[in-house]
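Asker: Got a structure for you, written out below as structure tokens; questions coming shortly.
The values are calculated or read from the model by the stated rules, or taken from the named source; none is laboratory data. Owing to the predicted nature of the structure, the values given are computational and were not obtained by experimental measurement. Every residue, glycine as well, gets a Cβ built from its backbone with ideal geometry; the counts of neighbours run over all protein chains shown. All accessible areas refer to the heavy atoms of the entire protein, side chains included, with ligands and DNA or RNA removed. Shrake-Rupley method; radii C 1.70, N 1.55, O 1.52, S 1.80 Å.
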Amino acid sequence: MTLIKSISGIRGTIGGAPGDNLTPLDAVKFASAYAIWIKENSGKSAPKVVIGRDARISGAMIQSLVQNTLIGMGCHIIDLGLSTTPTVELAVPNENADGGIILTASHNPKQWNALKLLNNKGEFLNGAEGQKILDSAEREDFNYVEVDDLGTVKVIKDYIDRHIKMVLDMPVTQIEAVKAAGFKVVVDGVNSTGGIAIPALCRALGVEVVELYCDPTGHFPHNPEPLKEHLGDLCKAVKTHNAHFGITVDPDVDRLAFVDENGEMFGEEYTLVACADYILGHTKGNTVSNLSSSRALRDVTEKHGGTYYAAAVGEVNVVQKMKDKDAVIGGEGNGGIIYPDSHYGRDALVGVAMFLSLLTEKKMKVSELRASYPSYFMSKKKVQLVKGMPVDAILEDIHTQYKSEDVTSIDGIKIDFANQWVHMRKSNTEPIIRIYTEAPSQKTADDLANRFIAELEEIALHHS
């Protein structure tokens with residue numbers, strides 16, 4: 001299945017048959033449905049929509065299709081061209097727009113693209129809003145405007161620079177201290193727009209930058225998800241260039257990971273932990289991450305006298321919980337930093353500024369900083385189910401079995417034991433149950449995962 005329609009947008013591979021892949025017809029259909037929703041939501045017949053894209057090869061084609069469809073629906077476009085997800089999110093309220101679309105398949109390989117849909121606050125749509133658009137696309141009840149009512153296009157080429165200025169203007173960004181520290185970093189921009197934004201931000205902070213894959217051609221030099229197994233070149237380059245650390249982002253620049261001075265991964269889960277440590281040191285308050293993120297955030301939050309809250313998986317759920325609990329920082333364990341004083345969206349630029357500022361305060365190497373945090377290890381596995389298997393009933397049986405433990409059931413089942421946890425949730429796109437565990441050692445995390453795989457398989461047998 002290479003066309004995935006979900007409440008957070010539409011994602012698929014380029015080429016092939018309509019309805020099975022992300023073809024020009026699908027792009028037009030979903031852009032039309034979004035235009036209907038935005039007109040209803042704004043109460044305007046000619047709403048304003050911000051559009052930006054990452055550097056993937058199909059980006060210009062998909063942008064042209066989406067943009068011209070919106071024009072045909074009477075929408076006025078603010079075209080940011082090559083951009084980042086957080087840049088578009090910031091631009092929507094800044095330009096008093098009624099919504100925005102980012103054309104990016106995030107960490108997916110180059111054959112993928114997607115439409116990520118925003119509301120007038122520059123935030124992702126909620127479930128009900130997303131469902132409305134899916135239903136509208138299914139019905140294809142589109143009504144395009146007449147020639148005198150076609151929308152217009154306004155091109156703004158410098159929005160990444162404006163985004164950088166917003167990050168520099170944050171009171172928590174310690175510009176002078178960072179400049180004085182004399183940092184040298186290697187940046188892996190995976191040949192997308194992070195290669196434009198991250199080196200420019202670093203240089204504005206007086207950081208010496210060695211660029212690795214920072215040419216925004218869309219030809220990703222490795223799998224673009226910022227995980228250890230894909231970052232061998234960055235790890236090597238940090239040591240070769242004797243850099244203080246390495247920085248990498250995904251193609252749309254909302255996920256952030258670091259490599260320490262020895263060429264070892266800082267740990268994607270620990271990006272948020274470090275940034276939260278920095279913010280909580282300046283602003284007392286609460287934090288939020290999703291249920292599958294590291295317990296280290298809870299530990300650091302409590303050390304600073306705050307309260308940690310867990311949200312269901314998905315950025316929109318984390319943002320809602322952050323608003324409910326008035327969190328000062330939050331995000332996801334995949335390297336996504338959400339800082340409300342900037343905006344309610346994952347933003348790697350904000351994270352880089354915080355990390356550099358934290359290092360100037362702590363006056364320690366990146367490896368020493370990582371060693372200063374509680375050390376946890378994760379295991380991420382899955383159980384393949386037979387199609388039609390009652391997944392909810394299987395998880396309910398687990399819940400009943402462990403009801404005397406600390407169980408959370410807002411998104412699958414999460415069981416918090418004294419020194420470890422397991423989170424089991426069904427996939428929305430395939431017949432599997434994902435099993436995430438965390439413990440003080442890799443072996444314990446793996447053992448816990450295997451134990452629950454065996455238990456799930458046994459329960460599944462009873463239901464078959």
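Asker: Please name whichever of Ala327, Thr271, Ala296 sits farthest to the positive end of the charge dipole of the range 267-336, dipole taken about the Cα centre and charges placed at Cβ: Lys and Arg +1, Asp and Glu -1.
Answerer: Result: Ala327.
Asker: Further, regarding this structure: Expressed as cubic angstrom per residue, what is the convex hull volume of the alpha carbon set of the chain?
Answerer: Taking the convex hull of the Cα positions in the chain, it is 138 Å³ per residue.
Asker: Go ahead and estimate [θ] at 222 nm for the chain from helices alone: -39,500 (n - 2.57) per DSSP H run with n ≥ 4, summed, over the residue count, rounded to 500.
Answerer: Only helices count here, giving -12000 deg cm²/dmol.
Asker: Please compute the length gained on full extension between Val145 and Ser464, using 0.36 nm multiplied by the number of residues separating them and subtracting their Cα-Cα distance.
Answerer: 109.5 nm
Asker: Sticking with this one: Let me know the Kirkwood hydrodynamic radius for the range 1-113, please, with Cα pairs as the basis and the value in Å to one decimal.
Answerer: 14.1 Å
Asker: Of all the accessible heavy-atom surface of the range 49-156, with the other protein chains kept in place and a 1.4 Å probe, what percent is carbon and sulfur?
Answerer: Answer for the range 49-156 is 48 percent, counting heavy atoms of protein chains only.
Asker: Something else now. Less than 18 Å from a label point 7 Å out along the Cα-to-Cβ axis of Asn419: which backbone N atoms in the range 270-309 qualify, by residue?
Answerer: Under 18 Å, as judged by backbone N against the label point of Asn419, lie 295-296, 299 of the range 270-309.
Asker: Further question on the same structure: Can you run phi through the Karplus equation (6.51, -1.76, 1.60; θ = phi - 60°) for the range 352-360 and list ³J(HN,Hα) in whole Hz, with x for Gly and Pro?
Answerer: Using θ = phi - 60°, the values come out as 4, 4, 5, 5, 4, 5, 4, 4, 5 Hz.
Asker: Could you please state how large a percent of the accessible area of the range 173-277 is carbon and sulfur, counting protein chains only and using a 1.4 Å probe?
Answerer: Whole-percent figure for carbon plus sulfur exposure: 48.
Asker: Kindly give Rg over Rh for the range 90-146, based on alpha-carbon atoms, with the Kirkwood expression for the hydrodynamic radius.
Answerer: 1.03
Asker: Short version: ³J(HN,Hα) in whole Hz for each residue of the range 291-308, in order, from phi by Karplus 6.51 cos²θ - 1.76 cosθ + 1.60 (θ = phi - 60°), x for Gly and Pro, what are they?
Answerer: So the J values, rounded to whole Hz, are 4, 8, 9, 4, 5, 4, 5, 4, 4, 5, 4, 5, 4, 8, x, x, 10, 9.
Asker: Over the chain, what is the relative contact order in percent, taking alpha-carbon pairs closer than 8 angstrom and at least six residues apart?
Answerer: 11 percent
Asker: Determine the alpha carbon to alpha carbon distance for each of Lys5/Lys29; Lys284/Lys325; Lys382/Lys414; Lys325/Lys380; Lys44/Lys121; Lys39/Lys323 and list only those over 18 Å.
Answerer: Beyond 18 Å: Lys325/Lys380; Lys39/Lys323.
Asker: Further question on the same structure: Counting heavy atoms of the protein chains only and a 1.4 Å probe, report the per residue accessible area for the range 40-187 as a whole number of Å².
Answerer: About 42 Å² of surface per residue is accessible.
Asker: Just to be sure I follow the definition: excluding the sites themselves, where is the longest run in the chain that has none of the trypsin sites (Lys or Arg not before Pro) in a DSSP loop with at most 11 other Cβ atoms within 10 Å?
Answerer: Result for the longest clean stretch: 1-156.
Asker: Okay, next question. Taking the dipole about the Cα centre of the range 5-62, with the C-beta of Lys and Arg at +1 and of Asp and Glu at -1, give me whichever of Ile14, Ile36, Met61 is farthest to the positive side.
Answerer: Of the options given, the answer is Ile36.
Asker: Further, regarding this structure: Taking amide H atoms as placed 1.01 Å from N in the peptide plane, list the residues 5 or more away in sequence, or in a different chain, whose amide H sits under 5 Å from that of Val210.
Answerer: The answer is Val185, Val186, Val187.
Asker: Quick one: Debye curve from the C-alpha atoms of the range 122-240, no solvent, what's log10 I(q)/I(0) at q = 0.10, 0.20 Å⁻¹?
Answerer: These q points yield log10 I(q)/I(0) values of -0.55, -1.14.
Asker: Suppose all protein chains stay in the model; what accessible area per residue would a 1.4 Å probe give for the range 336-438, in Å²?
Answerer: Computed with neighbouring chains in place, this is 44 Å² per residue.
Asker: Now, a different point. Past 22 Å, Cα to Cα, is the threshold; run Lys387/Lys426; Lys321/Lys403; Lys184/Lys363 against it and keep the listed order.
Answerer: With Cα atoms farther than 22 Å apart: Lys321/Lys403.
Asker: Scan the chain and hand back the longest stretch that contains none of the GluC sites (Glu not before Pro) lying in DSSP loops with at most 14 other Cβ atoms within 10 Å.
Answerer: 147-404
Asker: So, one more: Under a 1.4 angstrom probe, counting protein chains only, how are His282, His343, His462, His230 ranked by accessible area, largest first?
Answerer: Largest accessible area first, the residues go His462, His282, His230, His343.
Asker: Shifting gears a bit: Quick one: with all protein chains in place, what share of the accessible area of the range 328-464 is carbon or sulfur, to the nearest percent (1.4 Å probe)?
Answerer: Result for the range 328-464: 49 percent of the exposed heavy-atom area is carbon or sulfur.
Asker: Suppose we keep just the alpha-carbon trace of the range 35-76; what are its Rg and Dmax in angstrom?
Answerer: Over the range 35-76's Cα set, Rg and Dmax evaluate to 11.4, 35 Å.
Asker: Computed on alpha carbon atoms, what radius of gyration and Dmax characterise the range 315-464, expressed in Å?
Answerer: 18.5, 58
Asker: Once you charge only the Cβ atoms, +1 for Lys and Arg and -1 for Asp and Glu, what is the size of the charge dipole of the chain about its Cα centre, to the nearest 20 debye?
Answerer: 480 debye
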